[in-house]
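Working notes, beginning with the structure itself.
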There are 2 protein chains.
Amino acid sequence: MRLNVFRLLVTLFLINSVFAQSVAVDRRSILGFSPDSAARQYDLEAKFDAQLKAENLTNWQKRLSARPHHLGSAYNKENADFIAAQFRSWGYDTKLEEFQVLFPTPKTRIVEMTAPEKFTMRLQEPEVAGDATSGQQSEQLPSYNAYSIDGDVTGPLVYVNYGVPADYEELERQGIDVKGKIVIARYGGSWRGIKPKVAAEHGAIGCIIYSDPRNDGYYQGDVYPKGAYRNENGVQRGSVMDMPLYPGDPLTKGIGATKDAKRVDLKNAATLTKIPVLPVSYSDALPLLKNLDGAVVPESWRGSLPVTYHFGGKTPTVRMKLEFNWDIKPIYNVIAKMTGSERPDQWIIRGNHRDAWVNGADDPLSGMVALMEEARAVSELAKTGWRPKRTIIYAGWDAEEQGLIGSTEWVETHAEELSRNAAVYINTDSNGRGFLGMGGSHTLEKFINEVGKDIPDPQTKMGVWERTRANQIVNGGSAARKEAMERADLRISPLGSGSDYTPFLQHLGIASLNIGFGGEDGGGSYHSIYDSFDHFQRFADPGNVYGVTLAKVCGHATLRLANADTLPFEFTNLAETVSGYAAEVTRLADAMRDETKAMNQIIANGMLKAVQDPKETYVMPAAKENVPFLNFAPLQNAVAKLTESARVFQVASKGKQINAAKQAELDRLLYLSERSLTRDQGLPRRDWFRHQIYAPGFYTGYGVKTLPGIREAIEQRNWTEAEEQIRLAAATIEKFAAEIDKAAAIK
Amino acid sequence: MRLNVFRLLVTLFLINSVFAQSVAVDRRSILGFSPDSAARQYDLEAKFDAQLKAENLTNWQKRLSARPHHLGSAYNKENADFIAAQFRSWGYDTKLEEFQVLFPTPKTRIVEMTAPEKFTMRLQEPEVAGDATSGQQSEQLPSYNAYSIDGDVTGPLVYVNYGVPADYEELERQGIDVKGKIVIARYGGSWRGIKPKVAAEHGAIGCIIYSDPRNDGYYQGDVYPKGAYRNENGVQRGSVMDMPLYPGDPLTKGIGATKDAKRVDLKNAATLTKIPVLPVSYSDALPLLKNLDGAVVPESWRGSLPVTYHFGGKTPTVRMKLEFNWDIKPIYNVIAKMTGSERPDQWIIRGNHRDAWVNGADDPLSGMVALMEEARAVSELAKTGWRPKRTIIYAGWDAEEQGLIGSTEWVETHAEELSRNAAVYINTDSNGRGFLGMGGSHTLEKFINEVGKDIPDPQTKMGVWERTRANQIVNGGSAARKEAMERADLRISPLGSGSDYTPFLQHLGIASLNIGFGGEDGGGSYHSIYDSFDHFQRFADPGNVYGVTLAKVCGHATLRLANADTLPFEFTNLAETVSGYAAEVTRLADAMRDETKAMNQIIANGMLKAVQDPKETYVMPAAKENVPFLNFAPLQNAVAKLTESARVFQVASKGKQINAAKQAELDRLLYLSERSLTRDQGLPRRDWFRHQIYAPGFYTGYGVKTLPGIREAIEQRNWTEAEEQIRLAAATIEKFAAEIDKAAAIK
């Protein structure tokens, strides 16, 4: 987060004027509110802000992180009861919703090198000085990857870098096959679950994932407990279920994992890994990496351990033995409701998970305690006689860490009501010090920008929105910088996966937001026993001042959504965004066509072979099928229609005066519009994912793919499917535009 | 040297046709030769090639590297006598030319950490198994930097990354001052002599330079003796005299260091360092780096040692004590002449240095033995009755390692004759396996491309030129790739410094070339005791097959230059190149203007301050003077004139028939043209460097600055000087164009 002078561009010329303009605005209007309502809302927000107390966050964080509280643990249930009791005491209609879900825990974990020398991994994070909870070994979940299958495999080791498909292309050029071998991949470059998935697709029999200090350790900063970063014994736990297929309980795809739900047999659970997989620390990985034979890996594959990184393939030989208890365990979502006074059947849902891998002071409690304080402050407003126009639901999800299980099972159980009633879902998760991160549905982009502009930054004299914008201008790449200077709104990120918005947005098509602060709280406690209260208060957000700021952003957003005369959906930003995605997929096909042609040519004319070092192995790649020109016209026409519909709606909305019944009708059209961006048939080969604009990548895991049907078909070189997906996406966008037209027509 | 698929660009479309075309050419014409002469020259080259024997190179390399042979050593003199005897035996008029030069060698070398813990550096490279000469400790020069001053200093340590000016800007932003402190810099990022120079400019009292494994060690590949790369004890020796000021003997600037030359006092020698400096291994550096305090350095500063890199500034405390024997030592250039039959006063000079830091099998012997075999083969041609039209001089320079001393003193001593008679200087130095590297005067670009096109590559079925071009197309950046596909000639690199061409080209304005193979011979033996015969034959160019190929390239070049009817100078490539440089300096000023304005604005409007992490130190930079618009018109007009003159010369040269006397007159105009690219007054603040198109950078050392007067004035923000230098460079180019006009007019 430090300025790189050399990245500053000519486009910075206009900063002075633009900057002066944006900070000088004294906003009095609010999207979706009449001038009178807006004035009242500002008063309400001032009262809300006055209620927030940082010490509440810190006290709750300390209490909730005092012992390990993972899925199924005693303290997790204690926390659920505690949180529910708090909500009840604040006047919310509160319950624990229980589900029964598959949760494997380790029975046996052995990883050893058997040749050329003997070494057995420790697989244990030790207690460290100054960290009060790091010694609670009896209650800690051991370090492991949940939903790895059982296995006892022995074979030679191959280093596969991040273990993504491009890495296996490099291995192929090197003449290295992972068939019958164990791979070792470093964390990073993709969501962890992709690594065993791709390894298995290539015939590997086992997968070790380790944290390289280049990505997560001493290269980044001083290690714990001296500094915030991952020490040599730190391990990143985490789920490896095949979430891009479907999240939630592996045995109950698409339905709630209630006690009596119909479950598939364990052996038919599609999201378990195909091979055993275990995460390890860099001190455990080092002896294996030292013994890898074969050629030296390319520069982009090298980490920061004091060794020369090799591919391996013959040496060393490694054995992995993993056995799990395949239990069904109860989980508990805390659900707290405040019913709306005027439109109770329009729900504003606000959630954060509350379960952790171990003590989880940062992940998830830094976000969870902000949500609790937000809910408490809202309840204080209610004590003065105020009631929200719409219903507000606060949720503390369980079992997020294992695969968004709590939220997914709840969404699947209540799918029908939610499809009808849910207006917006606002998610938070870990929170830290720094800049405002905003992701979500672009129908809410203008809304959340407006919210952000009213919140002061606790460290500077600016607002959080202005400081985030300044950061994009000072430290951003040239495109981001230009955009921050020229665009009225900061662009929000499209959502892939990685937190509880996924079932809402991508399964049901509920417009969603994901909000959090960060960028000045670097560290490496993620999913380790060192994600503790002591660590968080030293390094992440001491005193939870950004926790309070998060409560403000999300509290204002929730209150505005709950109170607005008309829901603050807006479509021109979405239209512009989707138009950009359409241009991207077109360029993607063009670039692949050019690259394929060029590559085929240097293969055919012998240049590619000629420039290889004859002393090194290089397996010539086969020529690839040329990329045909695709018919993007349906998509382009649909985007043009969308753009026009968005414009017409914007014009029609200006100063619109309609009665309450019409307002409620308009509201329904607005929040149901996101549903029309889904298809019941879902995406190819993964029907659980229904949204046609946003999805987690099949080979990225968390990383988003926009226009996913089209984009992934092109990436997978499936031209027939690409043409088909262009038509389907176009039809979806046309359907969405027609809904906007209906909304515009209401008078 | 491995293909990166993603860097392939659209421009690759045309490869097939271009490639087919270039390999199919059956060239029979040679630049500067009539058709008849060309046919005879091809016969001669075939006879020359048939003479070359790889075993000669290998035998000489083994003999010459059998013992350390640095400046002043017994074995260095033995080698000089041996090489001279060889040349004599081949019929060359051979002599040793002796000079007396300043050469400090270590008397005391102590570097120790005194706090927070005690550690004394070993400063010794050990013998390794399988390397026959690594144990010759009694004859090895200890690891040190020549021309460091004596000193005994103690102070806190600061890590300064590469120690270039931009690094001190970062330190300033961090609020860290090196005044009164010792700096530790890693090798890389600049020529080593820049590091103590810039450190001293900022008030440091001592400088340690170490080889970080990121740049030169296990990160790059397996270390010696397992692999070719620098092991934990390897040290890079090297000169740190201020060569960008002037190279050669520090006591005899601009004149030959003959026995009776007028010498300045040691205390007035301008090119000694201002502070003591010593190079160390990474095992010696590690304990110090571990103990650095302060903030963590930016990512681009981090190496590959298993530590978190910090700036330091208070801890640790380090003591350096260095004392040298400040001796005057004799050096011996081997000079071997074959007088020309028709134009004996036109000299083609071909040189390589023969001294090493230790055993130097690679640097310089891999090039030196290729030169010897080339000279032997030429002598075999002479035995058949053939004589070169022009005089050929072979040179084996001494004392290159200490600062190009042998070549510089020779050039300074013979400046008058050389200015009159030297037509071209062709330099080689270390040579390895891989692709053809060509640098030099762009008046010779077309010539050396033509030479390269006739030489077969020993590893593939292509020619060396075609393989090098293919490499640029397959692995080059987009601009280099486009150029390789579209341009008839591969672009040769402009020369900065780092080998013996410097006094010829940059002091006297003698058109020069620098030739060598490499890119498939990575390793880290540079300037260490491990640069041995064993290392070279295992890792660099086993059997010296590329040594023979180098002898072919340089032999053909020498023979063509010696035999041509008219010297093969050509000016359109130069004009195009200089036109490119002029555009670059214009863009440089524009970019600095935009960056300065943008930076000043984000300082003034508070954005820069606002985005800094308030928990970290950040000293706000001061606003900089805005960059004025400079008058580039004189330069642009001069380049236009040059372009036109080059075109007219090219047209006039086509099929020109002139008698021998006119040919000799034309030759003189051609080779003296490079002189007119110099100014007697030299560059600002360094009058020894006279060339106005090429110079080593004042703050890069080896790295070239083209249009150096203009470019460095802009970089140093000296606008008055920049305007002045634009006028001077323009006048120089106009003068050069006028010389081309004279050459074109000869009939």
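The values are calculated or read from the model by the stated rules, or taken from the named source; none is laboratory data. Since we're looking at a predicted model, the values are computed, not measured. With ideal geometry, Cβ positions are generated from the backbone for all residues, glycine too; neighbour counts draw on all protein chains shown.
Tabulated data
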{"read-out": "Out of B:Ile184, B:Ile110, B:Ile176, sole residue that is closer than 25 Å to B:Asn231 by Cα, surrounded by 19 or more Cβ atoms within 10 Å (Cβ to Cβ) and modelled with pLDDT of 95 or more", "value": "B:Ile184"}
{"read-out": "Among (1) farther than 23 Å from B:Leu559 by Cβ; (2) assigned to a loop (DSSP other than H, G, I, E, B) - the single one B:Gly406 does not satisfy", "value": "(2)"}
{"read-out": "One residue from B:Ala638, B:Ala652, B:Ala664 being within 30 Å of B:Leu31 (Cα to Cα), crowded, with 20+ Cβ neighbours inside 10 Å and touching a residue at least 12 places away in the same chain (Cβ under 8 Å)", "value": "B:Ala638"}
{"read-out": "The stretch B:440-464, residues that are closer than 20 Å to B:Val545 by Cβ and more than 12 Å from chain A (Cβ to nearest Cβ)", "value": "B:Val451, B:Gly452, B:Lys453, B:Asp454, B:Ile455, B:Pro456"}
{"read-out": "Subset of the stretch A:305-353 (residues that are over 30 Å from A:Gln86 (Cβ atoms) and among the β-branched types (Val, Ile, Thr))", "value": "A:Val307, A:Thr308, A:Thr315, A:Thr317, A:Val318"}
{"read-out": "Cβ-Cβ under 7 Å pairs, at least 6 apart or on other chains, the stretch A:169-181 side farther than 26 Å from A:Thr114 by Cα, far side loosely packed, with under 15 Cβ neighbours inside 10 Å", "value": "A:Glu172/A:Val619; A:Arg173/A:Val619"}
{"read-out": "Filter result for A:Ser134 (more than 14 Å from every other protein chain (Cβ to nearest Cβ), assigned to a loop (DSSP other than H, G, I, E, B) and in contact (Cβ under 8 Å) with a residue 40 or more places away in the chain)", "value": "yes"}
{"read-out": "Where A:Arg560 falls short, out of the listed (1) without any contact (Cβ under 8 Å) to a residue 12 or more places away in the chain; (2) basic (Lys, Arg); (3) buried (at least 22 other Cβ atoms within 10 Å of the Cβ)", "value": "(1)"}
{"read-out": "Test result for B:Gly227, in contact (Cβ under 8 Å) with a residue 40 or more places away in the chain, farther than 20 Å from B:Arg122 by Cα, among the small types (Gly, Ala, Ser) and crowded, with 24+ Cβ neighbours inside 10 Å", "value": "no"}
{"read-out": "Enumeration of residues in the stretch B:67-81 that are touching a helix residue (DSSP H, G or I) at 6+ places or on another chain (Cβ under 7 Å) and either assigned to a loop (DSSP other than H, G, I, E, B) or free of Cβ contacts under 8 Å to residues at least 60 places away in the same chain (or both)", "value": "B:Arg67, B:Pro68, B:His69, B:His70"}
{"read-out": "Residues (closer than 25 Å to B:Thr308 by Cβ, within 30 Å of the chain's Cα centre (by Cα) and within 10 Å of chain B (Cβ to nearest Cβ)) located in the stretch A:287-306", "value": "A:Glu299, A:Ser300, A:Arg302, A:Gly303, A:Ser304, A:Leu305"}
{"read-out": "A:Ala633 more than 10 Å from chain B (Cβ to nearest Cβ) and without any contact (Cβ under 8 Å) to a residue 60 or more places away in the chain", "value": "yes"}
{"read-out": "Pairs with Cβ under 6 Å, 6+ apart, first in the stretch B:588-602 and facing another protein chain (nearest Cβ under 9 Å), second crowded, with 17+ Cβ neighbours inside 10 Å and assigned to a helix (DSSP H, G or I)", "value": "B:Ala598/A:Leu12; B:Gln601/A:Ile15; B:Ile602/A:Val474; B:Ile602/B:Leu608"}
{"read-out": "Check on A:Gly543, in a helix (DSSP H, G or I), in contact (Cβ under 8 Å) with a residue 60 or more places away in the chain, over 25 Å from A:Ile349 (Cα atoms) and assigned by TED's automatic domain parsing to the domain that holds A:Asp429", "value": "yes"}
{"read-out": "Residue count for the stretch B:27-66, restricted to those that are basic (Lys, Arg) and in a helix (DSSP H, G or I)", "value": "4"}
{"read-out": "A:Ile515 away from chain B (no Cβ under 14 Å), in a strand (DSSP E or B) and closer than 26 Å to A:Ile492 by Cβ", "value": "yes"}
{"read-out": "Residues satisfying the stated conditions in the stretch A:467-494, i.e. assigned to a helix (DSSP H, G or I), more than 10 Å from every other protein chain (Cβ to nearest Cβ) and more than 22 Å from A:Pro456 (Cβ to Cβ)", "value": "A:Ser478, A:Ala479, A:Ala480, A:Lys482, A:Glu483, A:Met485, A:Glu486"}
{"read-out": "In the stretch A:337-354, the residues that are under 25 Å from A:Val369 (Cβ atoms) and either assigned to a strand (DSSP E or B) or modelled with pLDDT under 95 (or both)", "value": "A:Lys337, A:Met338, A:Trp347, A:Ile348, A:Ile349, A:Arg350, A:Gly351, A:Asn352, A:His353"}
{"read-out": "Residues satisfying the stated conditions in the stretch A:137-152, i.e. of a type in the set (A, V, I, L, M, F, W, C), surrounded by fewer than 22 Cβ atoms within 10 Å (Cβ to Cβ) and either under 22 Å from A:Ser211 (Cβ atoms) or free of Cβ contacts under 8 Å to residues at least 12 places away in the same chain (or both)", "value": "A:Leu141"}
{"read-out": "Matching residues, the stretch B:188-200, being under 20 Å from B:His310 (Cβ atoms) and surrounded by fewer than 24 Cβ atoms within 10 Å (Cβ to Cβ)", "value": "B:Gly188, B:Gly189"}
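Conditions tested, residue by residue: (1) of a type in the set (Val, Ile, Thr); (2) closer than 30 Å to A:Gln725 by Cβ; (3) more than 39 Å from the chain's Cα centre (by Cα).
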site	(1), (2), (3)
A:Ile603	yes, yes, yes
A:Val611	yes, no, yes
A:Met620	no, no, no
A:Lys624	no, yes, no
A:Leu630	no, yes, no
A:Gln636	no, yes, no
A:Leu642	no, yes, no
A:Ala646	no, yes, no
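So that you can scan it fast, the table gives a plain yes or no per residue for (1) among the charged types (D, E, K, R); (2) more than 24 Å from B:Gly403 (Cβ to Cβ); (3) not assigned by TED's automatic domain parsing to the domain that holds B:Arg679:
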site	(1), (2), (3)
B:Glu466	yes, yes, yes
B:Ala470	no, yes, yes
B:Lys482	yes, yes, yes
B:Gly498	no, no, yes
B:Leu505	no, no, yes
B:Ser525	no, no, yes
B:Asp531	yes, no, yes
B:Asp534	yes, yes, yes
B:Leu550	no, yes, yes
